[in-house]
Each structure stands twice: as C-alpha cells, then as structure tokens.
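Have a look at the structure below, then the notes.
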Amino acid sequence: MATMAKLYPILKDLGLEDIKASEFVDILEQSQKEGLASREDVKDLEIRLIKWIIGLMIAQTSITIALLKIF
C-alpha cells in the first residue's frame with residue numbers, strides 16, 4: 001500500500017487528473033489484494049488437505065486388508 005501511495009504523485013506529475021490518478025491507484029490496489037491468500041484461506045486449505053489425506057489412508061488400508069483376505 002505504501003508503494004501505491006508513492007505512485008499517486010508520479011501519476012499527477014505525468015499530467016493525470018486527481019480523479020484519474022486516484023482511480024488508477026485504487027484499481028491497482030484492488031487487483032493486488034485479490035491475488036493474495038489470507039491466513040484463513042491457508043488454514044482452510046490445510047484442514048481440507050488433512051481430511052483428504054486421512055480419507056485416502058483409510059481407503060488404502062481397507063483395500064490392502066481386502067486384498068490380503070482374498071489371497
């Protein structure tokens with residue numbers, strides 16, 4: 001965000017109007033924020049991965065036990 005604040009005066013020096021320079025900086029800030037994952041996003045992903053890993057481990061164990069009973 002500090003980088004975006006530095007960009008505003010540069011745009012003004014290039015001849016952009018106040019509104020246009022402000023809109024440009026706002027668009028850049030918004031696009032920058034959209035690409036970032038929050039801590040909650042990472043925590044949610046971690047929980048979902050743990051659920052999948054446990055489920056796959058149970059499935060693998062079940063298949064192994066079933067194959068051992070067949071042979």
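The values are calculated or read from the model by the stated rules, or taken from the named source; none is laboratory data. What you see is a predicted model; the values in this text were computed from it and never measured. Note that each Cβ is placed from the backbone with ideal geometry, even for glycine, and that neighbours are counted across all protein chains shown.
Some notes on this structure:
- Of all residues in the stretch 31-64 being assigned to a loop (DSSP other than H, G, I, E, B) and aliphatic (A, V, I, L, M), the one that is nearest to Thr3 (Cα to Cα): Leu36
- Residues satisfying the stated conditions in the stretch 31-41, i.e. at pLDDT 85 or above and exposed (fewer than 10 other Cβ atoms within 10 Å of the Cβ): Arg39, Glu40
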